[in-house]
Amino acid sequence: MKFKLTIAYDGTHYQGWQVQKIGTGVQEKVEAALAKLFPNQPRLHSSSRTDTGVHALGMVAHFEAPRGAWKLSGRKLALALNSWLPQDIRVVSAGQIKKEFHARFDAAGKQYRYFVWNHSAMNPLIRHSAWHVPRSLDPLSMRRAARFFVGRHDFQSFTTNWAGHARESTIRSLTRCEPKKNGRLFTFIIEGDGFLYRMCRGIVGTLVQIGLGKFSPEQVKTMLAKKDRRIAGMTAPAHGLVLWKVNYSNSVNK
């Protein structure tokens, strides 16, 4: 039997999603909860990795268990797992999935959202989930710049090396890059077929610096063309980033 889980978590107190040699990953906590319900102590296979301090609303993962190991509904499985999980991690939904499903390899795309609080005083209610930028941002400049990220590009200027991992292709396709303003809160919505290490944070950091007047919107084209991390903008802090959802084709769940 194979099961699909959708998981939300506040990443403030975790060293990312994966099981860690030093510190605690979210995966470790969910696997410990699974071990309470399934004697085979299943391992989770996730759609994504998230960095230290990054949050998720729609992380998808799957696991396998012997046939007959769970005879109740997916809703009951989610409730049972949540009873063993800390309050900053929740299984939003659970259910049996076809045996061919793979949370990572079947993912058609992902959406991330990054939150910025743009006011001289930080909103204390969102201090763990939004980046505080006290200087006024220009929304028109950021929206104009964001359009240059949409499409298929080499994003080498917006990613950093991940220690211990070989460099992969840095070409990705974005279908959406949109800053939205609601009062003092900016939400940067970034959606695409895949993301490089710290790519979203590099894009948002650059857009914020454009909003502050450090770069012009048109300089994004040069940054993409140069393929050099040193010429792009800063990397935004981890705590403002949320893995919002993972997209799958309709056929995956059938």
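The values are calculated or read from the model by the stated rules, or taken from the named source; none is laboratory data. Since the model is a prediction, treat every value here as computed from it, not as a measurement. Methodologically, a virtual Cβ is constructed for each residue, glycine included, from the backbone with ideal geometry; neighbour enumeration extends over all protein chains shown. We work out accessible area using only protein heavy atoms, side chains counted, and drop any ligands, DNA or RNA first. Shrake-Rupley method; radii C 1.70, N 1.55, O 1.52, S 1.80 Å.
Condition check for Thr12 on (1) modelled with pLDDT of 95 or more; (2) in contact with a His (Cβ under 9 Å, 6 or more places away or on another chain); (3) surrounded by fewer than 20 Cβ atoms within 10 Å (Cβ to Cβ); (4) farther than 22 Å from Phe195 by Cβ: one failure, at (4). Answer with yes or no whether Val116 is without any contact (Cβ under 8 Å) to a residue 60 or more places away in the chain and of a type in the set (A, V, I, L, M, F, W, C). Judged against the criteria, Val116 is not a match. Before we move on, is Glu191 assigned to a strand (DSSP E or B) and under 12 Å from Leu207 (Cα atoms)? So Glu191 does not fit the description; no.
Just one of the listed residues (Arg43, Arg67) is within 24 Å of the chain's Cα centre (by Cα), charged (D, E, K, R) and either modelled with pLDDT under 95 or closer than 26 Å to Ala238 by Cβ (or both), and it is Arg43. The single residue among Lys180, Lys245, Lys214 that is open to solvent by 40 Å² or more (accessible area, probe 1.4 Å), in contact with a Gly (Cβ under 6 Å, 6 or more places away or on another chain), more than 20 Å from Gln156 (Cβ to Cβ) and not in a helix (DSSP H, G or I) turns out to be Lys245. Reported count of residues in region 157-170, each being more than 18 Å from the chain's Cα centre (by Cα) and at pLDDT 95 or above, is 1. So, in region 2-25, of the ones that are touching a Phe, Trp or Tyr at 6+ places or on another chain (Cβ under 7 Å) and in a loop (DSSP other than H, G, I, E, B), which residue ends up nearest to Pro66 (Cα to Cα)? Selected residue: Gly25. Within region 1-22, residues that are without any contact (Cβ under 8 Å) to a residue 40 or more places away in the chain have Cβ atoms under 6 Å from residues that are charged (D, E, K, R) and open to solvent by 70 Å² or more (accessible area, probe 1.4 Å) in these pairs: Gln18/Arg49; Val19/Glu28, counting only partners at least 6 apart in sequence or on another chain. Would you mind stating whether Thr175 is on the phi < 0 side of the Ramachandran plot, assigned to a strand (DSSP E or B), in contact with an Asp or Glu (Cβ under 6 Å, 6 or more places away or on another chain) and of a type outside the set (A, V, I, L, M)? Considered against the rule, which asks whether it is on the phi < 0 side of the Ramachandran plot, assigned to a strand (DSSP E or B), in contact with an Asp or Glu (Cβ under 6 Å, 6 or more places away or on another chain) and of a type outside the set (A, V, I, L, M), Thr175 comes out as yes. Taking first residues from region 43-54 that are under 13 Å from Arg201 (Cα atoms) and partners that are surrounded by fewer than 21 Cβ atoms within 10 Å (Cβ to Cβ) and among the aliphatic types (A, V, I, L, M), the Cβ contacts under 8 Å between residues at least 6 apart in sequence or on separate chains come to Asp51/Ala238; Thr52/Ala238; Gly53/Ala238; Val54/Ala238.
For region 197-206, the tally of residues that are within 11 Å of the chain's Cα centre (by Cα) and buried (at least 20 other Cβ atoms within 10 Å of the Cβ) stands at 4.
Residues in region 217-237 that are surrounded by fewer than 20 Cβ atoms within 10 Å (Cβ to Cβ) and assigned to a helix (DSSP H, G or I): Gln219, Lys221, Thr222, Leu224, Ala225, Lys226, Arg229, Arg230, Ile231. The lone criterion from (1) over 15 Å from Ala69 (Cβ atoms); (2) in a helix (DSSP H, G or I); (3) open to solvent by less than 40 Å² (accessible area, probe 1.4 Å) left unmet by Glu28 is number (3).
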